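First the structure, in the form of structure tokens, and then the observations on it.
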Amino acid sequence: MSEMKRLFEPRSLAVIGASHNPEKIGHKILRNILSSGYEGRVYPVNPKGGEILGLKVYRNLEELRKEVGERELDLAIISVPAKLVRRVVEDCSKVEAGFLVIISSGFSEVGNVEEEREIVRIARENGMRVLGPNVFGIYSARAKLNATFGPSEIRPGKIAIVTQSGAIGIAMMGKISHEGLGVSAIVSVGNKADIDESDLLDYLGKQKETEVIFSYMEGVKEGEKLIKKLREVSRRKHVVVIKAGRSRRGAIAAASHTGSLAGSDEVFDAVMRQCGVLRAENIEEALDWCRFLVRAPLPRGEETLIVTNGGGLGVMATDACEKYGVKLYDDQLVLKNFSDLVPEFGSTKNPVDLTGNATPEHYRKALMKALEIDEISSVITIFSESALLPPKDIIEVIEEFEPTFLEKRKPIVFSMFGGAFAEEISEELSRKGVQVFNEVYRAVSSLGALYYRYRYLNRKEEGYAQLLKEDSIEEIRNIVKNALEEGRTFLLSTEAWKIMDILGIPRPEYGLARTLEEAISVSKEIGYPVALKVVSPQLMHKSDVGGVQLNIRNEEELKNAYQAVTTGVRIREPKAQVIGVEVCEMVPKGVETIVGSRRDPSFGPIVLFGLGGIYVEVMKDVSFRAFPISKREAMEMIGEIRSFPILLGVRGEKKKDIESISDAIIKIGEVVSRVPEISDFEINPLFVYGRGVKAVDVKIILSK
Ligand code: ACO
């Protein structure tokens, strides 16, 4: 078991700042600890001494050590004003505290970064770890410990909650206790000055009570560590995440909220998918999924049957299935297997429409049939309010069938639509732990979440692709080193072409000309039409300063173009040193794509693919992955963009060379991850043909 055991299963704890005043946070925490059934040693600490809630209060930790001989305190919960925290942390080393839970606000979230760092430094130097600061505490079902100032009634169960927002966390504790949902742990991570989600995932991922981990995040500090941990844990547990800060405004709000920067949302989204993590839109959706995932087994297949007594709701369920990636059981087989159960005017396609004439008996027969047919892997059952369906009978049907479905590993979801009728049923069943959704989309979204996990867990694990030898990387490092020594922050196009050659990515024919005569002779060699691009260590964006001329068809045009490029740059950027002009083959048009890699501030190296030109600029039709990736992931990235059919070949065109794109993605991802001096590497456009690709423009930016 990891060192986190002392945090989740402490044998002893002190509440420092335990107050005599019942209204204060330090008092509430102590009261929750005492009422939750915790069996370890509890020490309130307060300079005033005396007694709180029947316990002797120690004036300080020194007294605690001397009087009780406590030398191995597992947990110190600190609830004193920020300015007193440092002193308290220093004192905690006297009792060799393992973990400090710092409730106090007033640190990095309000700009007090230095003090926060100092506290963590003191703690770590003395072998202590810090949860927080700016947290509401920790609940651990295994230790029967509620060391929070949230609600006192919490039911033990299988969902672990890790939250960055204290307010949302406390509200969520209220909600789950109201709904009778069982939790294994609730941890508030606050400013994450030391312990972060990855540390907690490490413990929760191995804890047998926990089946689903739900994490509310605002920003990610150590993304690469998080990816590694999520990849490992999500093979064993379902992980549901809400990441606030999706919109630009939201991102700014999140950044000032807990003092951490929200990373780019698209990257976060891609990374979560890569790790098999479910990302919910909002808290209701997240809790729906959690509740369903702890109860439902993984199905054996993907074919879902819909049973309904309302045609309209059936159609909505079908739409929802498409939206959430739930596949339907074959219509023809429904016809064969269900026609004798459906009234004449009902539908024997999927959804099976039992019509408004449906009685509980109709549902029984349909569900019995669904149980018998092996190919049906899961069922969506919809009830619409009807005089023929008394609530008592519906409850009976659900209670009769749900356990059998789960036993046979056939997940089943229920949705009820109506007024008081529906509420009565869902309230009664939710008390017994059975979830009945009032909205068909919520039901299907939960089943979709399970199928997302089913697919992730069923994919064969594949090793990361590695296409480059160390020699090649070494050559690239040398080019980069040279550029850095010359004080440049980007590579010249001639250097970029050299790197393309090292990587084996085809590039245009080119030659460097220092005079017009040289340009004429290089053009003859390459063959018209050609392009001219000025080469200057000061100019990264050449076309912005008139440094590029395309489609030059003959010597006459070349002379004019040469003049235009050289004088244009001289006028607009008189300080730029012009090394020469690159004469470059005009590459035959292919499908314009963009392949890029960069070091994301949160997640480290990432790769990007998209269709170039307006597709990337206007449509933002791109896909991302954190690097490294497997060959299959590279192929999935390409298949994921909306304009993928263009690469498959439209209107009789040949399919494009997707394999070569995938190789290019992997290669440049490898360069960025193995040459840390490169911050951005982008081929835009990379022309793709029926066979092969060609890099038309390459930008390589170096870190300062
Ligand atoms: N050691 C032990 N106890 C001490 C010490 C010390 N060195 N110094 C003072 N105390 C005692 C005080 O005497 C007091 O006890 P008393 O009421 O019996 O006199 C107790 O500690 C608390 O100190 P106060 O000065 O009264 O501070 P108060 O309780 O008002 O506030 C708190 C402390 C809660 C830590 C506050 O400063 C704070 O940060 N509040 C915000 C907490 C928060 O929101 N956390 C974020 C997550 S949750 C969310 O966002 C909803």
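Considering only Ala443, Val581, Val113, and ranking their Cα positions along the charge dipole of the chain that arises from unit charges at the beta-carbon of Lys, Arg, Asp and Glu, the one farthest toward the positive end is Val113.
Based on a Kirkwood Rh over C-alpha pairs, give the Stokes-Einstein translational diffusion coefficient of the chain at 4 °C and viscosity 1.567 mPa s in µm²/s. Taking Rh from Cα pairs, D becomes 44 µm²/s.
Relative to the longest principal axis of the Cα atoms of the chain, helix 555-572 runs at roughly 60 degrees. Each semi-axis of the equivalent ellipsoid for the range 42-133 is √(5λ) with λ an eigenvalue of the Cα gyration tensor; in descending order they amount to 23, 15, 10 Å.
Distances between placed amide hydrogens fall under 5 Å for Phe136 paired with Ser188, all partners being 5 or more residues away or on another chain. Test of the criteria: in the range 520-567, which trypsin sites (Lys or Arg not before Pro) are in a DSSP loop and have at most 15 other Cβ atoms within 10 angstrom of their Cβ? Listed in order of number, the matching sites are Arg553.
Taken as Cα centroids, the range 574-649 and the range 410-432 sit 48 Å apart, rounded to the nearest whole angstrom.
Per atom type, the chain shows carbon and sulfur on 50% of its accessible surface, probed at 1.4 Å. Annotation for the range 539-626: chymotrypsin sites (Phe, Trp or Tyr not before Pro) lying in DSSP loop with at most 10 further Cβ atoms inside 10 Å of their Cβ do not exist. For Leu100, nonlocal amide neighbours, meaning residues 5 or more places apart or on other chains whose placed amide H falls under 5 Å from its own, are Ala76, Arg129, Val130, Leu131. Using the Karplus relation 6.51 cos²θ - 1.76 cosθ + 1.60 with θ = phi - 60°, the per-residue 3J(HN,Hα) values for the range 38-45 come to 5, 9, x, 7, 10, 10, x, 10 Hz, with x marking Gly and Pro. Each principal axis of the Cα atoms in the range 622-671 has its own extent, and those three values, largest first, are 36, 18, 15 angstrom.
Compactness of the range 412-468 is given as radius of gyration and Dmax, 18.5, 65 Å, from Cα positions. Taking every protein chain into account, the accessible area of the chain amounts to 43 square angstrom per residue (probe 1.4 Å).
Here the average projected area of the convex hull drawn through the C-alpha atoms of the range 91-160 stands at 5.8 nm². In this calculation the C-beta distance from Glu284 to Lys144 is compared with R0 = 35 Å, giving a FRET efficiency of 0.75. Compared with the dominant Cα axis of the chain, that is its longest principal axis, helix 631-640 is turned about 90°. Between the range 478-533 and the range 1-60, the C-alpha centres lie 70 angstrom from each other.
Taking GluC sites (Glu not before Pro) across the range 542-602, none is in a DSSP loop with at most 16 further Cβ atoms lying within 10 angstrom of its Cβ. For the range 222-239 and the range 308-364, what is the separation of their C-alpha centers, rounded to whole Å? Each part reduced to its Cα centre gives a spacing of 39 Å. 3J(HN,Hα) along the range 226-238: 5, 4, 4, 5, 4, 4, 6, 6, 6, 6, 10, 10, 6 Hz, from the Karplus curve 6.51 cos²θ - 1.76 cosθ + 1.60 with θ = phi - 60°, whole Hz, x for Gly and Pro.
Angle check, please: helix 113-125 long axis (alpha carbons) against the longest principal axis of the chain (alpha carbons), in degrees 0 to 90, nearest 10. The angle comes out near 70 degrees. Ranked by the mean number of other Cβ atoms within 10 Å per residue, highest first, peptides 232-238, 681-687 order as 681-687, 232-238. Sequence-ordered 3J(HN,Hα) estimates for the range 405-420 from the Karplus curve with 6.51, -1.76 and 1.60 and θ = phi - 60° stand at 4, 5, 4, 7, 6, 10, x, 9, 10, 10, 9, 10, 10, x, x, 4 Hz, glycine and proline given as x. Less than 5 angstrom separates the built amide H of Ile594 from those of Gly610, Leu611, Gly612, Leu686, all sequence-distant by 5 or more or on a different chain.
Entry note, the chain: relative contact order of 8 percent, from Cα contacts under 8 Å with a spacing of 6+ residues. Estimated from helices alone, the mean residue ellipticity of the chain at 222 nm is -12500 deg cm²/dmol (sum of -39500 (n - 2.57) over DSSP H runs with n ≥ 4, per residue).
Computed on the range 452-494, the Cα convex hull volume stands at 147 Å³ per residue. Once the chain from Ile579 to Lys83 is taken as fully extended at 0.36 nm per residue, the excess over their C-alpha distance is 172.6 nm. Given the chain, what percent of its DSSP beta bridges are antiparallel, to the nearest 5? Taking every DSSP beta bridge with both residues in the chain, the antiparallel ones total about 50 percent.
Taking a point 7 Å from the Cα of Glu407 along the Cα-to-Cβ direction, the residues of the range 266-307 with backbone N closer than 19 Å to it are 295-300.
The values are calculated or read from the model by the stated rules, or taken from the named source; none is laboratory data. These figures come from a predicted structure and were not determined experimentally. A quick note on method: Cβ atoms are made from the backbone with ideal geometry, for glycine too, and the neighbour counts reach across all protein chains shown. Keep in mind that these areas ignore ligands, DNA and RNA; they rest on the heavy atoms of the full protein, side chains included. Shrake-Rupley method; radii C 1.70, N 1.55, O 1.52, S 1.80 Å.
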